[in-house]
Structure formats: C-alpha cells, structure tokens
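Chemist: Below is one structure. I have some questions about it.
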Amino acid sequence: MSAPTGTPGLLGWNLALAAVWAAALGEFSLVNLGVGFALGFAILAVGGGAFGTSRYPEKSLRFVEFAAFFLGQLLLSSIRVASDVLTPTHQARPAIVAVPLDAETDAEITLLANLVSLTPGSLSLDVSDDRSVLYVHVMFLDDVEACRREIKDGFERRVLELLR
C-alpha cells in the first residue's frame, strides 16, 4: 500500500499525528491536540518528501493567511457598517461595480462571490454569461478603481493562491 499524496492525504496524516500526540500524553484536550497538530505539521513539512511531492505545508500556510485576511476584512467592514448605522449622518454611497475576473473555475468564482457577499457592505449580484465579470453591490463607494483593486488584490488573488 502506498502512502497518500497531496493535501487531503497529508491533512489526514497530520490529524492522526495530533491524535497520537494527545494519546501519548494521556489527555485529549484542545491544547494537546493543537500542539500535536503543530508538531505533526512540522514533521510533514520537513519529511513530506517521503510521501511524494506535496504542497500541503504551502497550502496550509496560505489557508491561515487567507483566513486571517478574511477575518480582518470582516471586522473592518462590520465596524464601518455599524458606524454608519449608529451615527446620525449616513456615509453610504451605494453603487454597483463590475469587477473583471481572473478566476475561471466554478469553485474559484463561487468562493470569491460568497466571500464578497459575506463581508458586510458588499453583495455579489451576478456573474456575466462569459464568466469574465463579477457584478458587486457596494455600500460605500469612493473610487471605482480602488474598489476593483481591493476585490482583485485582496479577495481574488488569495482565492486563486489557495485553490490553484
């Protein structure tokens, strides 16, 4: 039986190593599982070549970076929307922006559109028939090009790095 290759296989090995670590310590606590996962990750990052070529460490770090970026954007946009709702003067300047896409697959486009919609103050409306443009409703528009750049350099670039 050959060892599994690729991200899903190594993730399974990483989870198994975390469980073994917690079992060796005699306590399945969140801290022990977390430490075991980190140690397993380090082992697989260093010795991952034994399992064939794998981008598991790189993809895992990209995912952590991606999650941190998204949570930061979620926090900032939530604060901006809440501030606008709670203050007597409203700063909203709603608009619909056409964002040209580099994303090509259904998974890439769907993830991008959903992430944009999950961020308060923006909503993905539609994708063009040729799948080259995403139409986004934004609550606060100061500069169309800056808005496009923010979506492309922020969300789309990270989605493509994660999925490709």
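We did not get these values from a lab; they are worked out from the coordinates using the rules stated. Only a predicted model underlies this, so the values are computations on that prediction, with no experimental measurement involved. Counting neighbours? That spans all protein chains shown, and the Cβs are built from the backbone with ideal geometry, glycine included.
Chemist: List, in order, the whole-Hz ³J(HN,Hα) value for each residue of region 91-105 obtained from phi through the Karplus relation with A = 6.51, B = -1.76, C = 1.60 and θ = phi - 60°; use x for Gly and Pro.
Modeler: 9, 4, 9, x, 6, 10, 10, 8, 10, x, 9, 9, 5, 10, 7
Chemist: Quick one: which residues, 5 or more positions from residue 131 or on another chain, have an amide H under 5 Å from its amide H? H modelled 1.01 Å from N in the peptide plane, none for Pro or chain starts.
Modeler: Amide H neighbours of residue 131: none.
Chemist: Just need the relative contact order of the chain here, percent rounded to a whole number, with Cα pairs under 8 Å and 6+ apart. Kindly include the intermediate steps, with their values, before the conclusion.
Modeler: Working: 181 pairs, mean separation 32.9, N = 164.
Computed value for the chain: 20 percent relative contact order.
Chemist: Using label points projected 7 Å from each Cα along Cα→Cβ, tell me how many nm separate residue 110 and residue 69, to one decimal.
Modeler: 2.1 nm
Chemist: When the Karplus curve 6.51 cos²θ - 1.76 cosθ + 1.60 is applied with θ = phi - 60°, which whole-Hz ³J(HN,Hα) does each residue of region 60-66 get, with x for Gly and Pro?
Modeler: Each residue of region 60-66 in turn: 5, 5, 4, 5, 4, 4, 4 Hz.
Chemist: Who wins for biggest fluctuation among 110, 89, 119 in a Gaussian network model of the chain, springs between alpha carbons below 10 Å?
Modeler: Evaluated over the chain, the most mobile residue of the options is 89.
Chemist: Hey, another quick one. Collect residues whose amide H, placed 1.01 Å from N in the peptide plane, falls under 5 Å from the amide H of residue 126; neighbours closer than 5 in sequence don't count.
Modeler: Hits under the 5 Å cutoff: 135.
Chemist: I'd like the FRET efficiency for residue 145 and residue 89, computed as 1/(1 + (r/R0)^6) with the beta carbon distance as r and R0 of 25 Å, rounded to 0.05.
Modeler: Values: r = 26 Å, r/R0 = 1.04.
The value I calculate is 0.45.
Chemist: Also, I was wondering about something else. Explain nothing, just compute: Karplus ³J(HN,Hα) = 6.51 cos²θ - 1.76 cosθ + 1.60, θ = phi - 60°, for every residue of region 137-153 in order, whole Hz, x for Gly and Pro.
Modeler: Here the 3J(HN,Hα) series is 8, 10, 7, 10, 10, 9, 8, 4, 5, 5, 5, 4, 4, 4, 6, 5, 7 Hz.
Chemist: Between residue 29 and residue 125, what is 0.36 nm times their sequence separation minus the Cα-Cα distance? Round to one decimal in nm.
Modeler: Values: separation 96, 0.36 × 96 = 34.56 nm, distance 4.33 nm.
My answer for the length gained is 30.2 nm.
Chemist: GNM, the chain, Cα, under 10 Å: largest mean-square fluctuation among 36, 72, 47?
Modeler: Result for the chain, Cα springs under 10 Å: 47 fluctuates most.
Chemist: Using the charge dipole of region 1-157 (Lys, Arg: +1 at Cβ; Asp, Glu: -1 at Cβ; taken about the Cα centre), state which of 101, 24, 119 has its Cα farthest towards the positive end.
Modeler: Of the options given, the answer is 24.
Chemist: Turning to a different aspect of this structure: Just to be sure I understand, if you calculate Cα extents along the principal axes in Å for this structure, which of (1) 47, 33, 33; (2) 62, 39, 27; (3) 59, 40, 19 do you get?
Modeler: Label (3) holds the value from this structure.
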